[in-house]
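Read the structure below first, then the notes.
The values are calculated or read from the model by the stated rules, or taken from the named source; none is laboratory data. As the structure is a prediction and not an experimental result, all values here were calculated from the model. We place every Cβ from the backbone using ideal geometry, glycine too, and count neighbours over all the protein chains shown. Keep in mind that these areas ignore ligands, DNA and RNA; they rest on the heavy atoms of the full protein, side chains included. Shrake-Rupley method; radii C 1.70, N 1.55, O 1.52, S 1.80 Å.
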Amino acid sequence: MSDLASESELSPQATPASAEPAVRKRPKPGERRVQILQALATMLEQPGAERITTSALAARLEVSEAALYRHFASKAQMFEGLIEFIEQTVFTLINQIGEREPDHSVRTRKLVVMVLQFAEKNPGMTRVMVGDALVFENDRLQERMNQFFDKLESSLKQSLRDAAAASGAATPTVDAQVRASVIVAFMVGRLQRFARSGFKRLPSEHLEASLATILG
């Protein structure tokens, strides 16, 4: 899977470790915002993180809740920041796969592997993707994740339709629609199992054999 994306492309950019200065430096513009999102994603990886409060998040960052609200108007905006990272990363990589891989069948396989690889490298964000972290949050956040998977299904449908048409299928559009739906259901199932097993059942478990069954 290394030909799809590097570690840095699939994970939030971490701040380099350095010795703690005697006087805490003032964060650069935008740096605190990134730190807040990184802390939120990390907290979502912890057991019992059904609902993260802004007070707990502020305590982790050793700042006041007021400091959080200088960068985000609400906790919903913080989750939107994570969703934006998910969207930008996944769809940027989908575009790269489309540009680099001319074979439609291989393109479909790489797309599925990439999404599952992204989730495996970002456990906290997996809980956002499957909605577990959004249960007590604003409904618009879940709707946005629903739209993410709809767009993902559309990308798969296009690739599968092109592959079916190239192979001379009688009903390429219908076939592609059905197969894209099944593939997305498989991916969502893998992500849900990963999140609800406490990140023990990896999305990549028996992946090649599974893809051989689903994609043929």
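Starting from region 149-168, keep only residues that are modelled with pLDDT of 95 or more, then list their pairs with residues that are surrounded by fewer than 17 Cβ atoms within 10 Å (Cβ to Cβ) and not hydrophobic (A, V, I, L, M, F, W, C) whose Cβ atoms are within a distance under 8 Å, requiring at least 6 positions of separation or different chains.
Close Cβ pairs satisfying both conditions: E153/S181.
Determine which member of the set T89, T54, T126 is open to solvent by less than 60 Å² (accessible area, probe 1.4 Å), modelled with pLDDT under 95 and among the hydroxyl-bearing types (S, T, Y). Break it down into steps so the answer makes sense when it comes.
On the way: T89 fails: modelled with pLDDT under 95; T126 fails: modelled with pLDDT under 95.
Residue meeting the stated conditions: T54.
Can you find a residue in region 138-146 that is in a helix (DSSP H, G or I), in contact (Cβ under 8 Å) with a residue 24 or more places away in the chain and closer than 21 Å to S181 by Cβ?
yes
For region 69-122: of the residues being assigned to a helix (DSSP H, G or I) and aromatic (F, W, Y), which is farthest from V135 (Cα to Cα)?
F91
Out of (1) open to solvent by less than 40 Å² (accessible area, probe 1.4 Å); (2) among the hydrophobic types (A, V, I, L, M, F, W, C); (3) out of contact with any Ser or Thr (no Cβ under 8 Å at 6 or more places or on another chain), what's the single condition that is false for L156?
All conditions pass for L156, except number (3).
When you scan region 57-68, how many residues do you find that are assigned to a loop (DSSP other than H, G, I, E, B) and open to solvent by 40 Å² or more (accessible area, probe 1.4 Å)? Reasoning before the result, please.
First pass over region 57-68, keeping only residues assigned to a loop (DSSP other than H, G, I, E, B): 62-64.
Going one step further and asking which of them are open to solvent by 40 Å² or more (accessible area, probe 1.4 Å), we end up with 62, 64.
Number of matching residues: 2.
Scanning region 163-212 for residues that are polar (S, T, N, Q) and closer than 18 Å to V112 by Cα, which turns out surrounded by the fewest Cβ atoms within 10 Å (Cβ to Cβ)?
Checked region 163-212; the qualifying residue surrounded by the fewest Cβ atoms within 10 Å (Cβ to Cβ) is S181.
Go through the residues of region 10-23 one by one and say whether even a single one is within 23 Å of the chain's Cα centre (by Cα), open to solvent by 30 Å² or more (accessible area, probe 1.4 Å) and at pLDDT 85 or above.
Among the residues of region 10-23, not one is within 23 Å of the chain's Cα centre (by Cα), open to solvent by 30 Å² or more (accessible area, probe 1.4 Å) and at pLDDT 85 or above, which makes the answer no.
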